[in-house]
1. Just going by the charge dipole of the chain, with Lys and Arg at +1 and Asp and Glu at -1 on Cβ, which of 414, 434, 218 is farthest out on the positive end?
2. Magnitude of the Cβ-charge dipole of segment 134-225, K/R +1 and D/E -1, about the Cα centre, nearest 20 debye?
3. What percent of all Cα-Cα pairs in the chain falls in each 20 Å bin, counting up from 0?
4. Step through the table entries 79/122; 79/314; 100/122, compare each Cα-Cα distance with 29 Å, and write down the pairs that go over it.
5. Quick check for me: using +1 on Lys/Arg Cβ and -1 on Asp/Glu Cβ, what's the dipole size of the chain about its Cα centre, in debye to the nearest 20?
6. I'd like the GluC sites (Glu not before Pro) in segment 82-181 restricted to DSSP loop residues with at most 13 other Cβ atoms within 10 Å, sorted by number.
7. Enumerate the helices in the chain for which the Kyte-Doolittle hydropathy averages 0.0 or more and the C-alpha atoms extend at least 24 Å along the helix's axis, using complete DSSP H runs.
8. Given 10 °C and 1.306 mPa s, how large is the Stokes-Einstein diffusion coefficient of segment 1-73 in µm²/s, with Rh as the Kirkwood radius over Cα pairs?
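The values are calculated or read from the model by the stated rules, or taken from the named source; none is laboratory data. Please read all numbers here as calculations on a predicted model, not as lab measurements. So basically every Cβ, Gly included, is an ideal-geometry build from the backbone, and we count neighbours across all protein chains shown. We work out accessible area using only protein heavy atoms, side chains counted, and drop any ligands, DNA or RNA first. Shrake-Rupley method; radii C 1.70, N 1.55, O 1.52, S 1.80 Å.
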Amino acid sequence: MVELERSEVLRPAAEGARLVALRQLDEAREALARLADAEDDEAIHDVRVALRRLRSSLAAYRPLLDEDTTARALARAGKLAGQMGGARDTEVWLAWLAPKREDARPRRRAALDALAEELEAKLRLERGRAIEGLGDRFEELEAELRASLSTYEAQVTPARAPAVPTFALATADALRVAAAELERALAAVAGPDNPSDEHLARIAAKRVRYVLEPVRALGDGAAAVLGRLRRLQDLLGERHDRDRLSDMLRAALERAALATAQGLSAAVRSRDARADHALRARPTENALLDLLRAAREESDALFAELAAEWMFEKSAEFFGRVSDVCESLRRLGAPQQEIERKYLLRGLPERVRGAESVEIEQGYLPGGVVRERLRRAVGPRGARWTRTVKVGTGLARAEFEEEVAPSEFTRLWPLTEGARLRKRRYRVPDGPLTWEVDEFLDRPLVLAEVELPAEDTPAEPPEWLAPWIEREVTREPEFSNLRLALTHV
């Protein structure tokens with residue numbers, strides 16, 4: 001099952017959508033390879049589920065993907081998953097029938113054994129149909145879709161342009177849309193005799209689950225939501241299975257009744273009293289009728305659970321939790337706005353000399369328009385390692401930051417060769433603001449900056465700092481940390 005890391009959901013939405021779909025293609029390919037193992041009873045099911053996950057992702061993020069390729073992929077994946085449906089249904093029926101056969105009395109058991117033999121023959125046929133041409137058709141789907149997903153066009157924008165929406169934001173939007181569809185579908189389930197309404201709710205529940213699964217480790221409360229979704233899917237899925245089972249049993253009952261009628265007619269014509277007596281007992285029809293009643297009773301019990309847990313405003317808490325997950329993903333994916341003013345100082349102010357400080361070593365990874373910053377900060381409270389991307393220049397900039405493990409920092413640090421700087425940072429609170437003074441250790445330079453809550457917030461330098469200010473350099477790009485790091489001293 002695909003699971004994205006934090007850095008991956010902070011990629012552009014179009015890239016993140018492709019990343020998820022590509023990994024789901026890989027999962028489908030791995031499940032498909034298992035079909036060669038005749039002993040692997042779960043292979044067909046896993047291929048079917050993998051294709052459904054892929055279809056859900058393609059549908060959810062369709063606006064971010066190539067329209068024509070995605071439309072063809074959705075149709076092809078749907079057909080591939082559909083051709084495996086018969087095998088899956090038959091497997092479910094046989095599993096349901098097994099304990100009934102064990103508990104049946106000898107005379108009834110003979111009828112159930114005959115039904116099981118019929119289903120086992122059907123399963124062999126359906127499994128053959130399920131895998132017939134599957135590999136070749138999947139190859140066609142995979143080749144075109146993988147080529148389309150592997151690249152995409154991105155527009156180069158000016159530095160002050162708004163940040164590109166992240167995949168976390170796209171997932172939050174897709175999750176909200178899918179949850180709204182599920183809420184409407186559940187509201188339409190008015191009673192136990194509307195299987196088509198329940199089918200729509202079951203499909204909607206799968207879509208919500210498949211959108212959420214790749215980000216399950218990142219959305220607040222996502223694990224609990226997925227647990228509830230699985231429960232809902234189990235209820236709706238088992239109800240669906242009982243409906244399909246009942247259809248099969250009714251067809252079997254009709255065939256048995258016809259066979260009995262034909263046998264009775266033949267017994268009358270041949271004056272075979274023994275056959276006439278045996279057929280009038282109708283053991284096969286009675287056994288099938290008992291199964292049909294059992295399926296109906298189980299289905300009714302499942303609907304009672306569904307109604308108790310999900311209907312008549314019972315689902316309000318669940319959808320509230322989904323909304324919370326959406327908001328947490330939006331917070332994760334929305335750029336933090338960094339609004340700051342920066343000043344060039346004549347030297348290190350007396351106020352900060354000997355004060356508590358943090359030693360910072362940072363470098364910039366290779367890149368084009370956007371350069372990612374790698375930083376190690378060591379102070380009295382320990383060390384912290386981070387990766388950061390800043391978009392824009394001047395007073396207000398978008399900022400994405402995440403902590404990394406020391407081993408990750410060590411692995412990436414050599415890539416920053418030629419784009420590094422070292423400085424000692426002092427922090428001085430001043431009312432609601434905090435001034436930071438950076439004393440560079442690799443060049444004769446001292447800068448001061450203050451982060452503001454809004455662009456129109458006044459930033460009057462305090463008395464201890466004002467005499468040391470040479471000028472404001474907020475909008476002078478040569479004093480950006482990236483430019484300084486690229487300036488070798």
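1. Value: 218.
2. 400
3. 18, 37, 25, 13, 5, 1, 0
4. 79/314
5. Details: 79 positive and 87 negative charges, 137 e Å.
I would put it at about 660 debye.
6. Answer in residue order: 132, 153.
7. Counting only whole DSSP H runs, the qualifying helices are 13-33, 43-60, 167-187.
8. Diffusion coefficient, whole number: 120 µm²/s.
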